[in-house]
Structure formats: structure tokens, C-alpha cells
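Notes to accompany the following structure.
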Amino acid sequence: MIIGLLTGGGDSPAINGAIRAIVRRAHAGGSEVYAFRQGWLGVIDDDGGLLSADDVSGILPRGGTILGTSRTNPFKIEGGVDRLKETLDKHNIQNLISIGGDDTNGVARRLCELSICRCIGIPQTIDNDIPGTEFSIGYDSALNIVVEALDRLHTTATSHHRVMVCEIMGRDAGWLALLGGLAGGADIILIPEREFSMDDVCEHIRVRGERGKSFSIVAIAEGAKPKMLDTQITQDESIDAFGHVRLGGIGQVLAKEIEKRTGYEARTTVLGHLQRGGVPSAFDRVLSTMFGVRAVELLEQGSTGLMVVWQASEIRAVPFHEALHRTRVCPDHFVKLAELFS
Ligand code: F6P
């Protein structure tokens, strides 16, 4: 069997671990892996080739994706799906593994529904917002970066008696800000799941001051919404092929408001793409390896339309529709836990 492979959407550490595992497991079972460059774009443009054992040797600790990525949506390009089908036919690819978030795997789901090819998805996003899996590839690595950043912000915040606002990725789900904030001892955690009040944030900082705490650390997700604006803060008006705007700027807005209302000096750090780069954590390396192996096994068994997931310390598979029907937001018990510590 020839297994098509692509990586799409925003990258993260540990994708290469999955690519390596897919090639190793495929070769062990007598299959080949035909990898496409730049996500779905490579399938449309017939840009790819077979991966050898040498191609994937030594890539486990490397961040990013050796295949490149894009946010190309074949269903939004005229003739995109026909060209994609021609490429798959040309290389005799009836089985495919897509590594990405809901957008990339959403395309794979539609290809299955249209009986264009058999697909298995691997969840990969630092946002960790794919339902059905407790962990997506990249989340744990990014979480460690957030925690290190908060630790570093703490020391300078105490020296200068400042409020340090740390803007963290997370569009509609605040997994990185919430668990990163908890692990990094943030004093205030603000996530998209709960609109926040500027008054409450500033009051909290004032009360901390009265208790002798002359600094505060605020962990805020880029998608967090202040009640007074009732909207997310965006960088510009542009929208990608899957309909997403570019978020960013809420940290600055909040820091200015804090300075104005509390008199404390405030600074903003936007972690941005630092969260998506660098070496993968040990957990992510293991997770991506297990996901990659299971994805090949499922195709060998003739399965299709599934996403491999991590549930209760086991690798399982769920139908695409169960994994892609909504955004997986932080549940109330996590939010309450964070409130207890802020
Ligand atoms: O893939 C998810 C994500 O990390 C979001 O949290 C963030 O808004 C987005 O990617 C930014 O992606 P880019 O700058 O690559 O378009």
C-alpha cells in the first residue's frame, strides 16, 4: 500500500515524531509513504515524493515539520478538489494520513465522505482544542514554554513592582493560558471561555497591593474578551482560507487599562510563535510516535474516517465527526481551579 501523508495548519513541535513513526511503521508492514509538501497545497500541485528511512532519520527532536505546512483549503480553490484527486490517482494513493488541527482534518473528513480516499487524522495543535482527544501533538511542548515564560516574568515583575501581562495563544479555547497560568503561578488567568471585567481585574490587582504584593502576573489568552468591548481583539481584517481572523493585541489593551486604573506600571509580553517553535517535550515525542504508529495500523486494517486520540492514557480512534464538530473548550472544573488560585 502507498500511504499519502501531509501536515497542515499552524505547526508545533513533535510533528516530525509522527512523520518518523509513520514511515517506520509503514515500512515494517511493507507499505510506502508518499509525502506532500505544504499541506493540502502539495496534493493540489502534485508536489511530493516517497519518504525513505534516511529522510526521517534524526528528526525526532526537531521542531516544525520537515514537510512544510500551509492553511490551503482545496474546497475554496476553483478546481482544487479535482486536481487533488488527479494527484492521488496518478500516484495510486487510496490511503492518506493528515496531521493537523480541525481545518486540515476537516478536509480529510470531507474527502472520506466523498469517497475520494481513505483518511486517518492525527490531532496536532498547540491550542489543544480538538474534541475527543485529551492531548493534541504540540500542546505539552507549548505549555512548557508558557510556564518557563511566566517563571521568568515573575522575577522581573517582583524586582520592578510591575504588572506583567503575558499574551498566550488560544483562539476560542484557553488551554495554554489556563494550565500554563496554573503551573506558572499566574495571579490572574483570562481565557476565551469567560468574558472578563476590567473592573474585576484591576480590583484584584489593587487588593493584592493592599496585601503587600506589589507585582502581579496576568496570563491572558489572545482570544479572551473584555466585557466592555464584547469582541476579540484582532491584528487586522484579513481572514484565512478557513475563515479565521488574526487575533492579537488584547495584552496591550489590558496593560494600558491596568496602568490607567490602578497606577501600577504594566508591561506586555506576547509569546506569539515562540510557543510553536523549538524542541518537542518528551511527552509530545511519545504521543506523536504512538499516534503515527496507530494511524498506519488503522489504514492497514482498512479503517477510514477516523482520528487517533489520547483518552484515559490510551490511544484510541474516534470518527471524524466526533472529533471535529466543535471546539474543545476548557471545562468548568478547570476554570474553577484556576479561580481558586487567582
Ligand atoms: O494553530 C493555532 C494557533 O496557534 C492559534 O492559537 C493562533 O491564533 C494561530 O495559530 C496563529 O497562527 P499563524 O500566525 O500561523 O496564522
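The values are calculated or read from the model by the stated rules, or taken from the named source; none is laboratory data. All values derive from a computational prediction rather than experimental measurement. Please note: Cβ atoms are built from the backbone with ideal geometry, for glycine as well, and neighbour counts cover all protein chains shown. These area figures cover heavy atoms from the full protein model, side chains too; ligands, DNA and RNA do not enter into them. Shrake-Rupley method; radii C 1.70, N 1.55, O 1.52, S 1.80 Å.
Below is a table of values for the structure above.
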{"read-out": "Output for segment 149-184, where each listed residue is on the phi > 0 side of the Ramachandran plot and either within 16 Å of the ligand (Cβ to nearest atom) or of a type in the set (A, V, I, L, M) (or both)", "value": "Gly170"}
{"read-out": "Residue check, Ala312 away from the ligand (no atom under 16 Å from the Cβ), open to solvent by 20 Å² or more (accessible area, probe 1.4 Å), under 30 Å from Asn95 (Cα atoms) and of a type in the set (Gly, Ala, Ser)", "value": "yes"}
{"read-out": "Count of residues meeting criterion [polar (S, T, N, Q), touching a Gly at 6+ places or on another chain (Cβ under 6 Å) and within 12 Å of the ligand (Cβ to nearest atom)] in segment 221-268", "value": "2"}
{"read-out": "Within segment 1-91, strands (runs of 3 or more DSSP E) holding 2 or more residues that are in contact with a Leu (Cβ under 7 Å, 6 or more places away or on another chain)", "value": "2-7, 32-36"}
{"read-out": "Residues that are part of a helix (DSSP H, G or I) and either open to solvent by 40 Å² or more (accessible area, probe 1.4 Å) or within 16 Å of the ligand (Cβ to nearest atom) (or both), drawn from segment 289-309", "value": "Thr289, Met290, Val293, Arg294, Glu297, Glu300"}
{"read-out": "Of all residues in segment 106-148 being of a type in the set (Lys, Arg) and in contact with a Leu (Cβ under 8 Å, 6 or more places away or on another chain), the one that is farthest from the ligand (Cβ to nearest atom)", "value": "Arg118"}
{"read-out": "Test: residue in segment 230-241 that is over 20 Å from the mean Cα position of the chain (by Cα), under 22 Å from Ala149 (Cβ atoms) and acidic (Asp, Glu)", "value": "no"}
{"read-out": "Within segment 270-283, considering residues that are more than 16 Å from the ligand (Cβ to nearest atom) and open to solvent by 30 Å² or more (accessible area, probe 1.4 Å), the one farthest from the chain's Cα centre (by Cα)", "value": "Ala282"}
{"read-out": "Residues that are at pLDDT 95 or above and in a strand (DSSP E or B), drawn from segment 238-272", "value": "Ala266, Arg267, Thr268, Thr269, Val270"}
